[in-house]
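Below you'll find the structure, written out as structure tokens, and then a few comments.
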Amino acid sequence: MESMIVHGLEWTTKELFVYPNEYIYWSIQIVMYPYMTGLVAGAFVLSSLYHVFGQKDLKELARFSLVFSLALLPTALLPLLFHLQQPLRGIYVMLTPHFTSAIAAFGIVFSTYAAIVLSEIWFVYRQYFVEQTLALQGQPGPGLVIKRRLYQLLTLGAYDISAPALVKDKKAVKILAATGIPVACFLHGYAGFIFGSVKANALWMSPLMPVIFIMSAVVSGIALCMLTYIVIMEWKKLRSTPAQDTDVAQVSRITVMEEVIAKASRYLIGFLVAAIALELLDLIFRGYTAMKSWDILRFVLYQKDFVNIFILQYGLGNLLPFILLILPRLTIRRTVIALLLILYGVFMMRWNVVIGGQAFSLSFAGFMHYHLPLLPHSAETFKEGLLGALTVVSIPFILFWLINMIVPSLTTDQETP
Amino acid sequence: MRCSRRDLLAMALTTTAAAILPVTAFRFLSQAEVKVALADPALRWGFLVDTEKCVGCGLCVKACKLENETPYDAPVTRTWVERYIITKDDQTHIDSPRAARDGFTDPRIRGEAFDPAEVTKSFFVPKLCNQCDSPPCVQVCPVGATYQTLDGVVLIDRKWCIGCGYCIMACPYGVRFFHPVHKVAEKCNFCYHRISQGLKPACVQACPFGAREICNLKDANDPITRIIMTQRVAVTKDEYGTKPQVFYIGLDRNVR
């Protein structure tokens, strides 16, 4: 028999009447896609809070989240490639964009955004690149020579680090960060538009979808940046020996971290409230207007997916971390728990939108259930299974580790030369 | 920079050659090719399903699968037949076992038997692509791999489809699926390869009861078009604004 795999058959079970061709076509990778782009957009917005709005106390976090958003960037592409039935043709989206399609904007928005992030990082680190090139001059050993060449390349030949030149750099960063905010929002808002504009899908179709996506994107992006920042700082603290690190430096670093976290969590709460308010508005509106699809939607929302939506997403993922964050005397440990829950909550939101939107048949007379492939036994069950999702999740951290070797983003002011 | 006349000429030649290169991708079409490309403005394919005539034998599905090389046992299909049983308690029971490829041989639906005294009405509804006038699948294709011909049929370019599945999501009728072998979007196209040769679609030809008919909606003398024009016909799911071009006689309000 020729290779015959009906896409979706592997992980879909049907209940009552479902059209013959209906399957869960958009599976875990399409959950990952808005989740990852959301993290990218959120991380960038967080860094812009410092660069554009001058939130000085976010300075430490800003540099880190900017570099982290670069590390996250390729992972917004990866889920799409994993999902495509013809991954080698993915480039066609750029070659022959068909502009009535929301996805066609991807190539343009994504590359614009990538250009902005890259150039902003360049302006932030240009001085550092020049200093490294000069410091490594004449150093022996092939490793250092390569390192120097790399930094030399990264300067792009701009060696002027006089005060006026650096002022210009700062200005460029500010402009780029400011243009980056709408582009980041667009990058993610259009991901929401991809879903919100599908008129065939009763759960997705909503003009609020892009806004909801942006809000939850910022929430998850800020949460991930804060979490990673805390983890790295704690790890550094553990690794540092008294000989290298004086008590004073250590104490000051901890207070800096606590201040940053306290400030960032206030932004987090704000965006979280906005995201939940919009989602609830959407839900109430659907119930109140009770269009033709409401019968089946109500059944999915309040019965089939009740635990996923109301317990896991709203309860565990939104309400609980909200309470944890607003209670007085916020500790780092409590923050970490709240952040993990928020990240989980946003993931569940994506899950409930993407999978939940396919939980009922277009006939409104039946249901479909998604069974995530845990152990892969084919390329397809790897790509669109648990392992594929974990691959997508782990890549930004590996990339960050690599990028951070070249552009250190985790040093405090005392440590930077 | 110094530039001799020789250099200038050489550079000009190279630039011109490089600029012309992409132009070679274009070519002139023959008269016949132009005619096909522009299609006949006096042609718009339409379809008429008479649900009163359908007995659910499934020969249309079988013929379609064979004609269009949809793997025979794969649970996906370009066309299918639905069975509706409506009972006195106003419950609608629907099924389409194996897309009705082998007909309806079991009077039960998902194992549930019905007392004939309890059944108020029952009927069959064949389904296929509606070749919508404003097709949402074409609108959402990110690469333009699916397109509408001038005679109204929506086609898919198997060499250009990236397999994102957006069109499958956008179709309110669930007619699209991924082809198990070609790994691209697939759907009914009224057997375009046949109708453009003057033949009838496989399902139309296979139907022993005349429940399926194809017509040219722009030809008022076409007998099928006359039925659509003069009799009371309906379309499925017109609330989506897709302007479907498959018309139904005897479409019940319970049909999904």
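Listed values, structure above:
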{"item": "Of A:Lys56/A:Lys237; A:Lys170/A:Lys263; A:Lys304/B:Lys121; B:Lys187/B:Lys218; A:Lys174/A:Lys237; B:Lys62/B:Lys218, those spanning more than 26 Å from alpha-carbon to alpha-carbon", "result": "A:Lys304/B:Lys121; A:Lys174/A:Lys237; B:Lys62/B:Lys218"}
{"item": "Among A:Leu316, A:Leu386, A:Leu16, residue whose mean-square fluctuation peaks in a GNM of chain A (springs only between Cα atoms under 10 Å)", "result": "A:Leu16"}
{"item": "Inverse of mean 1/r across different Cα pairs in segment A:1-141, Kirkwood, Å", "result": "18.7"}
{"item": "Computed accessible area, A:Glu380, all protein chains, 1.4 angstrom probe, square angstrom", "result": "30"}
{"item": "Cα-derived Rg to Rh of segment B:95-145, Kirkwood definition", "result": "1.21"}
{"item": "Pair A:Met205, B:Thr16: separation of 7 Å Cα→Cβ label points (nm)", "result": "5.8"}
{"item": "Accessible surface ranking that places the most exposed of A:His7, A:His377 first, with a 1.4 angstrom probe", "result": "A:His377, A:His7"}
{"item": "Projected-area mean, segment A:84-191, by convex hull of Cα positions, square nanometres", "result": "9.8"}
{"item": "0 to 90° range, to nearest 10: angle between helix A:386-406 axis and chain A longest Cα axis", "result": "10"}
{"item": "Per residue, the convex hull volume that the Cα atoms of segment B:18-170 enclose (Å³)", "result": "183"}
{"item": "B:Asp106 accessible area, 1.4 Å probe, all protein chains in place, Å² to nearest 10", "result": "60"}
{"item": "Rounded FRET efficiency, nearest 0.05, which uses the C-beta distance separating A:Trp294 from A:Leu320 and R0 of 22 Å", "result": "0.15"}
{"item": "Accessible area, probe 1.4 Å, largest first, for residues A:Tyr190, B:Tyr240", "result": "B:Tyr240, A:Tyr190"}
{"item": "Gaussian network model of chain A, Cα within-10 Å springs - most flexible of A:Ala163, A:Ala177, A:Ala202", "result": "A:Ala163"}
{"item": "Protein accessible surface hidden between A and B, which excludes ligands and nucleic acids, total in Å², probe 1.4 Å", "result": "4000"}
{"item": "Restricting segment A:82-112 to chymotrypsin sites (Phe, Trp or Tyr not before Pro) in coil, as DSSP defines it, with at most 12 other Cβ within 10 Å", "result": "A:Phe99"}
{"item": "Accessible area per residue, Å², the protein assembly as shown with all protein chains present, probe 1.4 Å", "result": "47"}
{"item": "Spread of Cα-to-Cα distances over 20 Å intervals beginning at zero, given as percent, for chain A", "result": "24, 53, 20, 2"}
{"item": "Folded to 0 to 90 degrees: helix B:5-20 orientation relative to chain B principal axis, Cα", "result": "10"}
{"item": "Theoretical ellipticity at 222 nm over chain A - DSSP helices of four or more residues, -39500 (n - 2.57) apiece, nearest 500", "result": "-22000 deg cm²/dmol"}
{"item": "Nearest-10 value in Å² for the accessible area of B:His182, using the 1.4 Å probe", "result": "80"}
{"item": "Note, ³J(HN,Hα) from phi for segment A:20-27, Karplus 6.51, -1.76, 1.60, rounded to Hz, x at Gly and Pro", "result": "x, 8, 7, 9, 7, 7, 9, 10"}
{"item": "Pairwise FRET efficiency - A:Ile395 versus A:Leu280, Cβ, R0 = 41 Å, nearest 0.05", "result": "0.75"}
{"item": "Computed E for A:Leu88/A:Glu15 - FRET, C-beta separation, R0 41 angstrom, nearest 0.05", "result": "0.70"}
{"item": "Phi to ³J(HN,Hα) by Karplus 6.51 cos²θ - 1.76 cosθ + 1.60 over segment A:342-347, Hz, x for Gly, Pro", "result": "5, 4, 5, x, 5, 4"}
{"item": "Residues of segment B:87-117 buried by at least 30 Å² on assembly (accessible area, 1.4 Å probe, chain alone as reference)", "result": "B:Ile94, B:Arg110"}
{"item": "Among B:Thr92, B:Thr15, B:Thr77, residue whose mean-square fluctuation peaks in a GNM of chain B (springs only between Cα atoms under 10 Å)", "result": "B:Thr15"}
{"item": "Cα-derived Rg over Rh, computed across segment A:353-417 with Rh taken as Kirkwood radius", "result": "1.31"}
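The values are calculated or read from the model by the stated rules, or taken from the named source; none is laboratory data. Just so we're clear, the structure is a prediction, and the values are computed from it rather than from any experiment. Neighbour counts run over all protein chains shown; Cβ positions are idealised from the backbone, glycine included. Just the protein is used for accessible areas: all its heavy atoms, side chains included, with ligands, DNA and RNA removed. Shrake-Rupley method; radii C 1.70, N 1.55, O 1.52, S 1.80 Å.
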